[in-house]
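Chemist: Questions regarding the structure given below will be posed in turn.
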Amino acid sequence: MQWLIENNNSSKEAAPDNGNRFLVGNGYMGIRGTLDEHGRDQLAAVNLAGIYDRVGDGWREPLNAPNPLHTVIYAEGKALALPEMEAVHHVQSLDFYHAILMRKTTWKTPKGAVTVESRRFADMVHPHLIGQEFTVSVDAPMEIQILAEIDTDIWEIYGPHYNKIEYSRENDNLYCLAYVQNGRDQVAVGRKCRISGQADQNDRFERGEKAGAFIYDLHMEPGKPVTLKSVCAVYTTNDEAEPLAAVQAALREEHDFEALLDTHKEAWDKIWAVGQVELEGDDMARDCINYSLYHLNCIAPRHRNDLSIPARGLSGQTYKGAVFWDSEMFILDYFLYTQPEVAKSMVRYRIDTLPGALEKAKSYGWQGAFYAWESQEGGYDGCSDYNVTDVFTKRPMRTFFRDKQVHISAAVARAVMLYTDVTGDVSLLAKGGARTVLECARFYYSLLVKRATGDRWEIHDVIGPDEYHERVNNNAYTNKMAAETCRWAIKAAEKLKESDGKAYAEFCVQTNAEEFLPKLSQTVNSIYVPEPNESGVIPQFDGYADLEDTTVQEVRNRLLDPREYWGGAYGVASHTQVIKQADVVTMLEMFHGDYSQEILRKNWDYYEPRTEHGSSLSACMYALLACRFGEPDQAYPFFMKSAQADWLGGGKQWAGLVYIGGTHPAAEGGAWKVLAEGFAGLEWTDNGPILRACLPKGWKRVAFRFCCRGKWYRAEVEPDAAEIIEL
Ligand code: BGC
């Protein structure tokens with residue numbers, strides 16, 4: 001396997017997409033795969049994990065740091081920059097085994113050809129460091145100028161987030177301290193530059209009007225390339241009270257670029273030693289799945305033990321840098337089985353944000369924990385009540401994602417339970433995990449309604465995973481997950497009691513569990529979950545079958561504007577059976593053991609033609625369910641869709657004037673789920689891990705490592721044999 005992707009398209013239109021596909025990151029930051037000379041217009045960004053700001057009435061979003069990689073060359077005074085100055089040769093490539101972004105570009109100038117080659121990496125060992133190597137060569141003598149700066153003219157969606165910038169300089173080091181609008185935070189960035197080749201000290205000066213930059217004036221000759229090596233550092237007030245001092249300390253240290261690169265590569269070697277997928281018989285699938293895992297590894301929080309993964313990873317400010325149910329339902333499993341520490345951090349993030357969830361429930365008059373739909377730090381819900389802008393009137397539309405997508409709390413409860421089950425680490429239950437699950441259950445308990453004449457508990461006025469149908473009653477997915485959350489709460493309490501009597505006693509005092517849990521046990525079996533109708537189809541919610549039954553294409557044809565929102569009050573899909581993404585199918589995938597294969601199949605057959613797959617979360621659930629009823633070939637195109645979400649790029653990038661593109665961690669994680677839990681059929685049982693394999697046509701072998709309860713295993717699957725080998 002080559003572990004390399006390449007691209008020659010340097011057009012203006014391709015820049016946003018390339019920025020996603022060529023991203024490098026280390027969990028602390030994501031550096032969009034734009035070119036060295038790119039800036040705001042091409043959406044260049046060093047996106048930071050877990051630090052947010054809000055300007056005026058704009059949406060609260062994560063910060064992009066001033067960009068210390070900005071490097072531009074001038075030949076005879078003219079900037080050689082793509083896309084404005086066309087190149088005679090250009091290739092950008094990503095070594096996604098070692099997470100190194102490279103480019104090679106040659107421009108023709110009146111004096112001769114100038115070639116730039118560069119490499120960059122977000123250091124996997126030192127999460128605050130970035131390395132960049134930038135080499136210029138010429139084929140005729142000429143005057144070249146290199147501008148190496150910390151660019152503060154950066155891409156921001158709802159900025160500007162900095163209201164004051166201070167530059168300073170110390171020998172080869174440039175520093176920039178940016179003050180955040182919130183008045184509390186600061187972001188400090190530094191760049192240590194070392195130039196080698198023909199240049200010497202005399203070639204360097206700082207041009208008055210360009211603060212925060214080194215400018216090197218060079219007389220260059222053929223055969224004598226010049227290389228600029230930069231080691232950059234980023235710290236914020238999230239990391240250190242004095243981030244500038246931290247940057248200075250980091251850069252005053254003598255860093256050897258090559259040595260940093262070597263240890264960075266070793267760190268990636270270790271990641272792949274446990275985290276890669278071996279696949280024989282389908283090179284494209286093999287490359288795409290590992291490329292998806294590359295992206296997940298770039299954004300996995302490792303520098304802290306209490307961060308999760310936002311829906312667009314660290315690819316920018318889109319989706320407000322917020323954590324959605326994507327993390328628990330789609331992304332968690334890969335880390336759970338291959339890097340349990342990362343999974344633990346993701347779960348801990350939810351446990352830590354329980355106060356925000358309790359507060360949110362209370363604000364709506366409910367009890368327990370209602371987690372943020374778009375969760376930022378501290379559990380702050382970044383989701384606004386007006387999350388979509390009407391394309392016709394340009395007015396904000398009232399949406400109900402924040403207040404009605406109640407299934408989010410069940411996803412959180414699932415994560416705590418799955419983490420505990422698969423890792424065998426019960427410590428999180430004592431540290432707030434059991435309480436988190438119980439408070440999620442209490443939330444659903446407080447939502448239950450019974451008709452005066454009825455004998456079952458229902459949940460009304462919700463939005464299920466299919467966001468196009470708002471405020472429905474008895475969404476099958478939500479009700480089933482709510483009931484399961486109640487069971488999980490009972491189980492979590494039992495486990496805690498067994499494992500840590502003292503913590504259990506505290507938990508009982510905190511939650512009044514001994515009074516509440518018996519009530520829950522009495523109720524849980526009467527929570528209504530819609531049953532299959534006479535055709536075996538489970539209605540997505542009350543009244544779903546009465547909606548207009550039409551096709552996705554027909555609904556699309558009704559759009560007056562391609563950017564129109566399909567859901568909400570008068571969306572084109574709202575009054576039809578056409579849905580945005582897997583909903584009942586997700587429920588059946590989660591609880592496939594509770595239904596016959598025939599029911600699984602009938603629902604797949606019914607819902608798939610009615611699904612727009614308007615979310616990148618959808619395809620993997622269809623793929624997984626098809627595996628559950630033994631049709632891997634039916635699953636295959638959906639698996640590929642998920643695995644290729646970022647490999648192919650494209651897709652929806654803009655909603656009106658708002659950039660909504662970025663990477664798709666849920667699709668990446670979903671693809672691993674299909675491969676490991678679908679095709680290889682990995683499942684955790686009380687007796688240990690098992691495989692129920694079913695490989696698609698042509699696949700000769702799939703192998704991957706995984707960890708359960710502290711033991712490492714290797715899954716080896718061939719068309720007629722599946723084996724788990726203890727390592
Ligand atoms: C989907 C949600 C998802 C969110 C973030 C939306 O388009 O409908 O299910 O959580 O994107 O990925």
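The values are calculated or read from the model by the stated rules, or taken from the named source; none is laboratory data. Values in this document were obtained by computation on a predicted structure and should not be read as measured data. As a convention, Cβ positions derive from the backbone with ideal geometry for all residues, glycine included, and neighbour counts pool all protein chains shown.
Chemist: I'm trying to understand the selection: among the residues of segment 104-135, which are assigned to a strand (DSSP E or B) and among the acidic types (Asp, Glu)?
Modeler: Across segment 104-135, the qualifying residues are GLU117, GLU133.
Chemist: Exactly one condition in (1) under 18 Å from the mean Cα position of the chain (by Cα); (2) surrounded by fewer than 20 Cβ atoms within 10 Å (Cβ to Cβ) is false for PRO62; which is it?
Modeler: It is condition (2) that PRO62 fails.
Chemist: What are the residues in segment 508-566 that are under 30 Å from ALA434 (Cα atoms), free of Cβ contacts under 8 Å to residues at least 40 places away in the same chain and charged (D, E, K, R), if any?
Modeler: Hits for segment 508-566 are GLU514, GLU515.
Chemist: Restricting segment 359-380 to residues that are within 14 Å of ALA413 (Cα to Cα) and hydrophobic (A, V, I, L, M, F, W, C), which is surrounded by the most Cβ atoms within 10 Å (Cβ to Cβ)?
Modeler: ALA369
Chemist: Still on this structure: Which helices (runs of 4 or more DSSP H) sit wholly inside segment 453-569 and have at least 3 residues that are within 16 Å of the ligand (Cβ to nearest atom) and buried (at least 23 other Cβ atoms within 10 Å of the Cβ)?
Modeler: 476-499
Chemist: Of the residues that sit in segment 582-617 and are more than 16 Å from the ligand (Cβ to nearest atom) and not in a helix (DSSP H, G or I), which one is surrounded by the fewest Cβ atoms within 10 Å (Cβ to Cβ)?
Modeler: Among them, the one singled out is SER596.
Chemist: Something else about it: Determine which member of the set LYS265, LYS320, LYS270 is over 18 Å from CYS620 (Cβ atoms), within 14 Å of the ligand (Cβ to nearest atom) and charged (D, E, K, R).
Modeler: Only one candidate passes the filter, namely LYS320.
Chemist: So, one more: Within the group LYS673, LYS697, which residue is within 16 Å of the ligand (Cβ to nearest atom), over 30 Å from ASP561 (Cβ atoms) and either of a type in the set (Ser, Thr, Tyr) or in contact with an Asp or Glu (Cβ under 7 Å, 6 or more places away or on another chain) (or both)?
Modeler: That would be LYS673, the only listed residue that is within 16 Å of the ligand (Cβ to nearest atom), over 30 Å from ASP561 (Cβ atoms) and either of a type in the set (Ser, Thr, Tyr) or in contact with an Asp or Glu (Cβ under 7 Å, 6 or more places away or on another chain) (or both).
Chemist: Filter segment 643-697 for residues that are among the aliphatic types (A, V, I, L, M), farther than 15 Å from LEU332 by Cα and buried (at least 24 other Cβ atoms within 10 Å of the Cβ) and give the result.
Modeler: ALA643, ALA645, ALA680, LEU695
Chemist: Taking the condition within 16 Å of the ligand (Cβ to nearest atom), among the acidic types (Asp, Glu) and either over 22 Å from ALA582 (Cα atoms) or modelled with pLDDT of 95 or more (or both), does ASP306 pass?
Modeler: When the stated conditions are applied, ASP306 does not pass them.
Chemist: Right, another one. Out of segment 84-118, which residues are among the polar types (S, T, N, Q) and either crowded, with 20+ Cβ neighbours inside 10 Å or touching a residue at least 40 places away in the same chain (Cβ under 8 Å) (or both)?
Modeler: GLN92, SER93, THR105, SER118
Chemist: Pick out, from segment 136-185, the strands (runs of 3 or more DSSP E) lying fully within it that include 3 or more residues that are among the hydroxyl-bearing types (Ser, Thr, Tyr).
Modeler: Result: 162-170.
Chemist: Give all pairs with beta carbons closer than 8 Å in which a residue from segment 312-325 that is under 20 Å from ASP17 (Cα atoms) meets a residue that is within 12 Å of the ligand (Cβ to nearest atom) and among the β-branched types (Val, Ile, Thr); count only pairs at least 6 apart in sequence or on separate chains.
Modeler: ARG312/THR318; ARG312/THR663; GLY313/THR663; SER315/THR663; THR318/ILE660; TYR319/ILE660
Chemist: Wholly within segment 295-414, which helices (runs of 4 or more DSSP H) include no fewer than the required count, namely at least 2 residues that are within 16 Å of the chain's Cα centre (by Cα)?
Modeler: 332-338, 340-352
Chemist: When only residues in segment 67-82 that are touching a Leu at 6+ places or on another chain (Cβ under 9 Å) and of a type outside the set (S, T, N, Q) count, which is farthest from MET220 (Cα to Cα)?
Modeler: Ranking the candidates gives PRO68 first.
Chemist: Let me ask something else. State whether one or more residues within segment 331-349 are of a type in the set (Phe, Trp, Tyr), within 16 Å of the ligand (Cβ to nearest atom) and in contact with a Cys (Cβ under 9 Å, 6 or more places away or on another chain).
Modeler: Within segment 331-349, not a single residue is of a type in the set (Phe, Trp, Tyr), within 16 Å of the ligand (Cβ to nearest atom) and in contact with a Cys (Cβ under 9 Å, 6 or more places away or on another chain).
Chemist: Counting only residues that are more than 15 Å from ALA671 (Cβ to Cβ) and among the hydroxyl-bearing types (Ser, Thr, Tyr), how many does segment 260-309 have?
Modeler: 2
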